[in-house]
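The structure under discussion appears below in the form of structure tokens.
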């Protein structure tokens, strides 16, 4: 990972006198910090909640094992260039959708009207994470599909070509409960943001980890391009193919796979195999360029009505019905 954890963390910590606490959660991530002994150094949470950390400490995800880390002091953190938004307002949601469509058009040549039709059945069950710059231009977007009438898109795709598996049976066989699962349907980052591409992508995944914890999500699904899957594995985020599904060409991607991951297992594995990636993605440590909202803003409030997308008139002839064809666009776009 191109990140020095101690250097990045040190930018946001201040010295503060000792404060007594036990298993107090950080304001940004909700991850609990627990003292393991007497220490001489105390730190103030750089997420501005006023909570004091003690070094050395345990980082914990759920009830799993813990890892010990220590911290250093450094200069104060500078102002963020971007901000993360979860469930944007209706007006901003329309802008986010437009950017999502533009990214997939530029990456895989998926026309706007096809993109609209592809996601129309899932629109009311979709929530967005978006990273905005200081002008509120969308720098990155992630679409999450929640359980709804149309089902989870990855399972629908796995049941069709080229995999044709009994997706629901495969999911339940590996402990995926569709009612406690989110589908990571799209992820895209705008071209032209240069060195901030990494920070924007990391912020989206951090937002996903926080939202999953806040809403008690057990598992994640995605139909992911194999190149993106390899990048996630380098970051310590490992996923597993649904039983019976193998890598195959899919809608413009030379190789994609329907995969799943159980949140607690996935993030605990990341903590063990890539501690720096865990601190960045799960705890948000080092995301100096991106302002993260308070925890309660990650609680789900479903949209009352689907967002309308004008200027889309599907061509249908006499006696024909509009069919929402599954799998007409790639699920996770590879960085170009």
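Here are the numbers:
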read-out	value
Nearest-0.05 FRET efficiency for residue 79 and residue 120, computed from C-beta distance (R0 41 Å)	0.55
Expected-Rg normalisation [2.2 N^0.38 Å, Cα atoms] applied to the range 184-239	1.20
Debye log10 I(q)/I(0) for the range 208-289, one point scatterer per Cα, at q = 0.13, 0.15, 0.20, 0.21 Å⁻¹	-0.44, -0.58, -0.94, -1.00
Expected-Rg normalisation [2.2 N^0.38 Å, Cα atoms] applied to the range 82-298	0.96
Sites residue 169 and residue 273, calculated FRET efficiency, Cβ-Cβ separation with R0 25 Å, nearest 0.05	0.25
Neighbour-count order for 153, 191, fewest beta carbons within 10 angstrom listed first	191, 153
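Where a number appears in this text, it was derived from the coordinates with a stated rule and is not lab data. All of these numbers come straight from a predicted model, not from anything done at the bench. Heads up, the Cβs are rebuilt from the backbone with ideal geometry, glycines too, and the neighbour counts pull from every protein chain shown.
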